[in-house]
1. Quick one: how many residues across the range 112-139 are among the hydroxyl-bearing types (Ser, Thr, Tyr) and in contact with a Leu (Cβ under 8 Å, 6 or more places away or on another chain)?
2. Look at Gly162 and say whether it is free of Cβ contacts under 8 Å to residues at least 60 places away in the same chain, open to solvent by 10 Å² or more (accessible area, probe 1.4 Å) and in contact with a Ser or Thr (Cβ under 8 Å, 6 or more places away or on another chain).
3. Taking into account only those residues within the range 75-112 that are without any contact (Cβ under 8 Å) to a residue 24 or more places away in the chain and among the aliphatic types (A, V, I, L, M), which is least open to solvent (accessible area, probe 1.4 Å)?
4. Restricting to the range 73-95, count the residues that are touching a strand residue (DSSP E or B) at 6+ places or on another chain (Cβ under 8 Å) and either closer than 18 Å to Glu143 by Cα or modelled with pLDDT under 95 (or both).
5. Tell me yes or no: at least one residue of the range 54-69 is open to solvent by less than 50 Å² (accessible area, probe 1.4 Å), assigned to a loop (DSSP other than H, G, I, E, B) and modelled with pLDDT under 95.
6. Which of the residues spanning the range 142-159 are over 20 Å from Thr127 (Cβ atoms) and open to solvent by 40 Å² or more (accessible area, probe 1.4 Å)?
7. Just give me the residues in the range 113-130 being in a helix (DSSP H, G or I) and either surrounded by 14 or more Cβ atoms within 10 Å (Cβ to Cβ) or in contact with a strand residue (DSSP E or B) (Cβ under 9 Å, 6 or more places away or on another chain) (or both), in sequence order.
8. Could you please find all residues in the range 132-146 being in a loop (DSSP other than H, G, I, E, B) and over 15 Å from Val174 (Cβ atoms)?
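The values are calculated or read from the model by the stated rules, or taken from the named source; none is laboratory data. None of these values were measured; they are calculated from a predicted model. Here the Cβ is made from the backbone with ideal geometry for all residues, glycine too, and neighbour counts use every protein chain on show. Only protein heavy atoms, including side chains, enter the accessible area calculation; ligands, DNA and RNA are left aside. Shrake-Rupley method; radii C 1.70, N 1.55, O 1.52, S 1.80 Å.
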Amino acid sequence: MNDSKAAVMTGRPRHPSIVTPPHSPPPQAADPAAGTTDLLAQWMTTGKSTRTSPPTQVSNGLRFVFYGRTSTVRHQDRVSSQGWQRDMADNLITGHGQIVATYFDAGTSRRVPWAQRPQAARLMTETASPESAIDAIVVGEYERAFTGAQFSTLHTWCTRHGIQLWLPETGGPVDLGNRDHRTLLSLLATQSQREVLRSRHRVLAAMHNQATQQGRYLGGRPPYGYQLVDAGPHPNPADARWGRRLQRLAPDPRTAPHVTSPSTRAH
């Protein structure tokens, strides 16, 4: 989409510096599988792709908005998480423009669509406004921002509004006309979804083992007939240094007889 078409569709003027990178022609003699392997190897070692066509350099540069996310506020430091994600974005756009606004969702699962995340929804509303002059959106890490088909949905939205979408994994603006970009993004989407499912499985399996095999107390009101008793220092050394201790369920001598089965009494 050229600049004139983007301006007509969005109803707002575009920055003169915004340039949609040309599609890189596929190599004639290179093996497609080898090209994808080289791209992934380059990204894994340097964090950048060598296949991305760089945007034209201009004096004013592009105007970016930064988006980041953290899953929880209890077990993650928002300041630290936002800091390293912003550093990644700053390194990516160095020499191409500057970040003029920041949107960061704290305590929001990646599974929540962008339109339902408080800060992401605000970003989309304000960026699509006719008064906005934003040229591109940049994120610090794919997995922090997207999972499943969310990237494809947002990229379609960005194209409709004449906005570029920059990722560290592609070394700059995403170009879906580039076969290697499509392959890499498909891999990232699968990896992001796998990370969610793997984490959920590990947590649930660990909780099941702690409750059934270790008698660990996992929260909530103790069942009738049981009480909480001390179970020693917390197994996590950091929690133990803070004086936190484990609790486990044990029969309550006052109420346990009312829920003990006849077969249990016989033994």
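1. Within the range 112-139, the first condition is being among the hydroxyl-bearing types (Ser, Thr, Tyr), and the residues that meet it are 125, 127, 129, 132.
Now narrow it down to the ones that are in contact with a Leu (Cβ under 8 Å, 6 or more places away or on another chain): none.
The qualifying residues number 0.
2. No, not satisfied.
3. So the residue we want is Val112.
4. Number of matching residues: 10.
5. Checked the range 54-69: at least one residue is open to solvent by less than 50 Å² (accessible area, probe 1.4 Å), assigned to a loop (DSSP other than H, G, I, E, B) and modelled with pLDDT under 95.
6. Ala149
7. Trp114, Pro118, Gln119, Ala120, Ala121, Arg122, Leu123, Met124, Glu126, Thr127 - these are the residues of the range 113-130 that are in a helix (DSSP H, G or I) and either surrounded by 14 or more Cβ atoms within 10 Å (Cβ to Cβ) or in contact with a strand residue (DSSP E or B) (Cβ under 9 Å, 6 or more places away or on another chain) (or both).
8. Taking the range 132-146 and keeping what is in a loop (DSSP other than H, G, I, E, B), we get 132-135, 140-141, 146.
Ser132, Ala133, Ile134, listed by residue number.
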